[in-house]
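Written below as C-alpha cells is the structure these notes are about.
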Amino acid sequence: MIDQDLPELVAAVDLGSNSFHLLIGRVQPTPAGPQITPLDSLKEAVRLASGLSKDKRLDAASQARALGALHRFGERLRHFSPQHVRVVATNTFRVAKNGPEFQKTCEAALGFPIEVIAGREEARLIYNGVAHTLAADGSRRLVVDIGGGSTEFIIGTDYEPELLESVFVGCIRFSRDYFPGGDITRSGFKEAVLEARREIQVIGDAYRRHGWDEAIGSSGTAKALAELMPAFGGGSDNALTRDGLENLRAALIRAGGVGPDVFPGLKADRIPVLPGGLSIMLAIFEELGLEEMHYSDGALRLGVLYDVLGRGRQDDMRYLTVEQMAKRYAVDVPQARRIADLAVAFWLQMGLGSDEERQSMALNIGWAARLHEVGHSISHNSYHKHSAYIVSQADMPGFSRRDQKLMSGLVLGHVGKLGKIQIQFTEPLHWAALACIRIAAIFYRNRLDIDLPEMSLSAQGEGMALKVDQEWLSAHPLTRYSLEQECSEWRKVGVALSLV
C-alpha cells in the first residue's frame, strides 16, 4: 500500500569538518515504501577543522567561512517547514571548546536548530545513506567514511547496521600534521599511516572477526581516490585497490606535493586534504586486510534525509532506541507509560512555546519518562542520578547531544530537590516540562492504574497553577500532602506553583 501522507520535499544539512553540504530530496511513494530522489544540492569547502587551535578553539576565520555558507544555505531553505529539515554537525563541533556558543550563532544564520551528533550516530546515518544506494541482497558490507575530523566504520546487512564505530582520524588533521605546507615526503607518509593504524587497531580485531562480503567507501576522500584510480592501476569501475593506492602514494612522493599540474582532474577543495586522506585509507587497507573497495555516493546527508522521513512516519529511530533501552535496563514499562502519558497531557495543557517547540518538548518529556527508572538496574538508592547519567552518556541512535542533555535533566529532576537542577536548566520551557513530569510521578506513586480526577495544569504569569478536584484530593490524603510539598519545593527556586 502506498502512503500518500508524505512530505513533497525534505532537506538535510551536514556540517562536516571539511565541507558543509545541503541536500534536498523529493519524496516519492512506491509500493515498496517511500523513496527519495535527490533534487538539489549545495556544497561549500569550509575546512572548519583547519581552524581548530591547539587548545581546541575555532578561530575567527573558520567561523566566518562557516557562517557565510550557512547564510547561503538558509536562503535556500527559507520556505521549508522545520519538521522537514534536519541539520547535523559532526566531529569539529563535538570537540571545539567554543562549539556550544558558536552553535547558537550558526543556528541564527541558518534559521534551523543544529544537532551535534555523537560519532556512532554519525556512523548510523552514514550507513543509512549508503544502504539506500545499494541493493538489499543480503550482503554484509563494511562501510568506511573518512571525514575531515573523524573516520566512521560500519558493518551491516541491507538496512541494518551491526557494528558502529567512530575513530578520531581525519584528513584535515592528518594533512596538517604530517604534510605541513603541502610538502609530501616519504617519512611523512610513513608516520601518518602508522598513526592511523594505531588508532584503527583498537577496533580492527572485532571487525575482522565479524567479517564482511564487500567493502564500500563513501564521501569526499573515497570519491577523490576512486576518480584517481584509473591512472594508477586501480580496479574496474574506479574501484580502490591496494596496488592503486600504493602507486598513488609513490607518485605523490615523487611530485613532492599535490596540484592541478600533477593531478589535472582533482578538484581544488580536495588538494589540501588528499595526502592525509590517502594515508588514512592506506592504513585502513593494511589494518583490515583489504584488497579492494568500491565507492558509493550515498553518504551522511542522504542518511539524514531518510531519517527525516522516518521521523514523520512510524519508523522513527528514537522510538526504537528508547524501547531497546527500556528492555535492556528492565524498566517497569507500564509505570513508565503511565507517567509519560500524564506528563505529556499536562505539557500540552500548558500551551507554552511555538507549535514546533510544543511538539518537540512533548516527545522529549515522553521519552524521559519512559527512561526515568533505568537507573534502578544499578541501585534503588539515588536511582534518578544513575538514570540521568545513563541517559546523558549512552549511545542513543537518533538522538542529538542536546536531546540527551535535556532528557537527562528531566530524569535527574523528576524527584527530589530542585536546587540540583538550577545550573542545568536555564530556559522557562525546561522548568515547565520538569513540573509536568514531577507532578505526574506524584499521581502514580502507587504504581497502579487509577481513575484520575478532573485536573489541569496551566501557566500563570511566571508561575503555574495545578487545579485538581477537591473531593478527590480529600479521598487521597497522601497525594494531597505530596502536592503541597511540591508547591513548597518550587517556592525554594523562586517559582510559584499553586494547588487550587
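The values are calculated or read from the model by the stated rules, or taken from the named source; none is laboratory data. Remember, it's a predicted structure, so these values are computed and weren't measured experimentally. Because the Cβ atoms are built from the backbone with ideal geometry, glycine has one as well, and the counts that use them run over all protein chains shown.
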query: How many of the residues making up the stretch 284-314 are surrounded by fewer than 24 Cβ atoms within 10 Å (Cβ to Cβ) and of a type in the set (A, V, I, L, M)?
result: 4
message: Taking the criterion of being assigned to a helix (DSSP H, G or I), under 22 Å from Gly419 (Cβ atoms), hydrophobic (A, V, I, L, M, F, W, C) and modelled with pLDDT of 95 or more, would at least one residue in the stretch 345-364 satisfy it?
response: no
- prompt: What residue, among those in the stretch 474-498 that are out of contact with any strand residue (DSSP E or B) (no Cβ under 9 Å at 6 or more places or on another chain) and either in contact (Cβ under 8 Å) with a residue 60 or more places away in the chain or of a type outside the set (Gly, Ala, Ser) (or both), is nearest to Thr426 (Cα to Cα)?
  reply: Val493
task: May I ask you to say which residue of Leu448, Leu429, Leu418 is in contact with a helix residue (DSSP H, G or I) (Cβ under 8 Å, 6 or more places away or on another chain), within 21 Å of Val374 (Cα to Cα) and not aromatic (Phe, Trp, Tyr)?
output: Leu418
message: Show the residue pairs meeting these rules: Cβ distance below 7 Å; 6+ apart or different chains; first residue within the stretch 253-277 and in the same structural domain as Ala49 (by TED's automatic domain parsing); second residue modelled with pLDDT of 75 or more and not β-branched (Val, Ile, Thr).
response: none
task: Mind listing just one residue for me: the one in the stretch 272-312 that is of a type in the set (D, E, K, R) and under 17 Å from Pro397 (Cα atoms) and, of those, modelled with the lowest pLDDT?
output: Arg311
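Using the structure shown, decide if Ala215 is at pLDDT 90 or above and under 26 Å from the mean Cα position of the chain (by Cα).
Details: at pLDDT 90 or above: yes; under 26 Å from the mean Cα position of the chain (by Cα): yes.
Criteria met by Ala215.
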- prompt: Across the stretch 8-50, what is the total count of residues that are in contact (Cβ under 8 Å) with a residue 60 or more places away in the chain, outside any strand (DSSP E or B) and among the aliphatic types (A, V, I, L, M)?
  reply: 3
- request: Answer with yes or no whether Glu427 is in contact (Cβ under 8 Å) with a residue 12 or more places away in the chain and acidic (Asp, Glu).
  value: no
task: Read through the list (1) over 22 Å from Asn18 (Cβ atoms); (2) within 31 Å of the chain's Cα centre (by Cα); (3) modelled with pLDDT of 90 or more, then give the number of the only condition that Ala239 fails.
output: (3)
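Condition (residue is outside the structural domain of Ser387 (by TED's automatic domain parsing), among the aromatic types (Phe, Trp, Tyr), assigned to a helix (DSSP H, G or I) and exposed (fewer than 14 other Cβ atoms within 10 Å of the Cβ)) applied to the stretch 474-487: is it met by at least one residue? Please lay out each step first, then the result.
From the stretch 474-487, those outside the structural domain of Ser387 (by TED's automatic domain parsing) are 474-487; that's our starting set.
From what is left, the residues that are among the aromatic types (Phe, Trp, Tyr) are 481.
Narrowing the set further to residues that are assigned to a helix (DSSP H, G or I) leaves 481.
Filter again for exposed (fewer than 14 other Cβ atoms within 10 Å of the Cβ), leaving 481.
The answer is yes; a qualifying residue exists.
Which one of Thr92, Thr105 is polar (S, T, N, Q), within 20 Å of the chain's Cα centre (by Cα), at pLDDT 95 or above and not in a strand (DSSP E or B)?
Values: Thr92 fails: at pLDDT 95 or above.
Step by step, each of Thr92, Thr105 is checked, and only Thr105 is polar (S, T, N, Q), within 20 Å of the chain's Cα centre (by Cα), at pLDDT 95 or above and not in a strand (DSSP E or B).
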statement: Note on the stretch 450-473: residues at pLDDT below 95, of a type in the set (D, E, K, R) and assigned to a strand (DSSP E or B) are none
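Going by what's in this entry, would Val374 be described as crowded, with 23+ Cβ neighbours inside 10 Å and β-branched (Val, Ile, Thr)?
Values: crowded, with 23+ Cβ neighbours inside 10 Å: yes; β-branched (Val, Ile, Thr): yes.
Considered against the rule, which asks whether it is crowded, with 23+ Cβ neighbours inside 10 Å and β-branched (Val, Ile, Thr), Val374 comes out as yes.
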task: Inspect all residues belonging to the stretch 80-88 and state whether any of them is surrounded by fewer than 20 Cβ atoms within 10 Å (Cβ to Cβ), of a type in the set (A, V, I, L, M, F, W, C) and within 21 Å of Lys43 (Cβ to Cβ).
output: yes
